Amino acid sequence: RDFKGLPVLSLNSASVALDIGGRSALYFNGTNQYLNTTYNNTNPSFNNFNLGVEDFTIEVFMSSTQNTGAYSTPLSFAITGLGYFGIRSRYASQNNVAFTYNDGSWRDITTTANVNDGNVHLITVVRKSLCFYIFVDGILQTTNTSYTTPVGSAGFINIGYNVADAVYYSGYVYSARIIKGVGLHTSNFKVDLSNPYFPVQETCVDVWVDP
């Protein structure tokens with residue numbers, strides 16, 4: 001949806017479907033389907049994705065059985081190198097949730113959490129006071145205070161495609177959001193996985209499929 005002048009997301013063969021539980025979601029086949037905004041590096045509105053060293057929260061409800069391939073990424077932002085950041089459901093060729101960004105070098109914050117079991121999961125990445133936190137289903141997986149450089153740059157949103165590694169995501173995405181300036185969590189929190197949709201807010205960029 002449109003947010004502060006940002007281009008509306010465009011479907012690129014991605015389809016709206018019902019998962020095995022009858023919940024509405026975007027479905028991606030892992031081959032050629034994705035959803036994105038048009039890239040325009042000179043558009044000032046894309047500065048919304050320049051998170052800098054501010055606090056932020058990025059979250060995505062997803063479901064996948066993608067147990068092969070490398071660097072599957074249900075949600076990512078920006079270009080292939082400097083400025084890129086994204087949530088990975090597979091890191092390298094392992095079923096490990098990770099958050100990656102590029103500040104001129106690749107910065108990877110990895111976990112041992114496996115979300116590729118066909119169940120609904122919530123992946124949450126928080127930066128608060130220059131500390132990164134990664135949660136899966138509200139359970140803290142790891143923290144990182146080693147990376148204190150700015151995150152993000154001009155770019156675009158990709159859902160279902162990892163532009164940095166040219167890898168398509170296979171599975172469902174129910175809803176996703178990015179909140180700039182607020183780190184929502186630093187400890188475990190409750191998640192209702194039976195309702196994988198965020199409430200509509202005007203204080204963040206959010207993408208969802210109506211349940």
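The values are calculated or read from the model by the stated rules, or taken from the named source; none is laboratory data. Because the structure is predicted, anything quoted here is derived from the model rather than measured. In this analysis, Cβ positions are derived from the backbone assuming ideal geometry, glycine residues included, and neighbour counts consider all displayed protein chains. All accessible areas refer to the heavy atoms of the entire protein, side chains included, with ligands and DNA or RNA removed. Shrake-Rupley method; radii C 1.70, N 1.55, O 1.52, S 1.80 Å.
Between VAL16 and CYS131, the modelled labels are 4.1 nm apart [label points 7 Å from Cα along Cα→Cβ]. Residue by residue, segment 86-95 carries 3J(HN,Hα) couplings of x, 9, 9, 8, 9, 10, 6, 9, 10, 7 Hz when phi is fed to the Karplus relation 6.51 cos²θ - 1.76 cosθ + 1.60 (θ = phi - 60°); x denotes Gly or Pro. When a 1.4 Å probe is rolled over the protein heavy atoms, the share of accessible surface on segment 48-151 that falls to carbon and sulfur comes to 46 percent.
The mean sequence separation of alpha-carbon pairs under 8 Å and at least six residues apart, normalised by the residue count of segment 43-198, gives a relative contact order of 34 percent.
The residues of segment 52-150 expose on average 34 square angstrom of accessible surface per residue, using a 1.4 Å probe on protein heavy atoms. Highest mean packing comes first when the peptides 119-130, 135-146, 168-179 are listed by Cβ atoms within 10 Å, giving 168-179, 119-130, 135-146.
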